[in-house]
Structures are given as structure tokens and as C-alpha cells.
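**Q** Pasting a structure below so you can have a look.
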Amino acid sequence: MEFLNFTWKSRRVNAEHIQIMKDTIPQISVQFNKMMMTLSGEERFRMGFSMNEDSRRLVIASLLNQKPEATSAEKRLLLFDRFYGKEFDQKTREKILKVLLRRTETE
């Protein structure tokens, strides 16, 4: 798993210290929330799914920019590591990556 031995330029932030930027005036925020609530649950779900897919594509493009020679299997591992790698301690992360690597080798 040598290809995973590079560091991200980001770091995990303690959620207690995050300040939410509120650059929208309250009336517009209320209007937006009302508008979103007029959509069905399915429509809101589809919007969220679409945004998730867009972010996934952006991350893949970034990974390929950093590591253009990555194989399909490496891309999956890098994608996991970018989205979820910092959510696990090192030991657990390595176990998950080994399982993912085994699965990609059998495909």
C-alpha cells in the first residue's frame, strides 16, 4: 500500500471549535428553508445524493491530479482514505484498507 503513503494538505478539525458562517440574512434563510420544505422527501434526498456525487467527482479529479498513474483499485482505496480515513484510528484504518485491497484484487 505504498501509494497511500502521502499526506493530505488538510487536517481534521475539532467540531467544538467550528464556527458556522452565516452570510445570509435571516429573512432569506427562512424563505430558503420554507422553499426546501415544499419539496418532497424524495426530491430533497435526490438533491443531497446529487451533491454527494458531485463532491465525489471533485475528489476523484483531485486524486488523479495528485496521482495520475493510480490504478482503478488504487483510486478506490484513495477515495476511501480521503472521505473516511481520518475517522478511524491507524490500526482500524489499515484493517479496512487491507480488506478493500483484497476485494479489489479479486475483481
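**Q** Select from the stretch 64-107 the residues that are more than 22 Å from residue 52 (Cβ to Cβ) and β-branched (Val, Ile, Thr) and write down the one among them that is modelled with the highest pLDDT.
**A** 92
**Q** Please work out if residue 61 is modelled with pLDDT under 85 and part of a helix (DSSP H, G or I).
**A** On the way: modelled with pLDDT under 85: no; part of a helix (DSSP H, G or I): yes.
So residue 61 fails the test.
**Q** Can you name the residue in the stretch 62-83 that is closer than 14 Å to residue 103 by Cβ and in contact (Cβ under 8 Å) with a residue 60 or more places away in the chain and, of all such residues, is farthest from the chain's Cα centre (by Cα)?
**A** Ranking the qualifying residues of the stretch 62-83, first place goes to 74.
The values are calculated or read from the model by the stated rules, or taken from the named source; none is laboratory data. Just so it is clear, the model here is predicted, and its values are computed rather than measured. Counting neighbours? That spans all protein chains shown, and the Cβs are built from the backbone with ideal geometry, glycine included.
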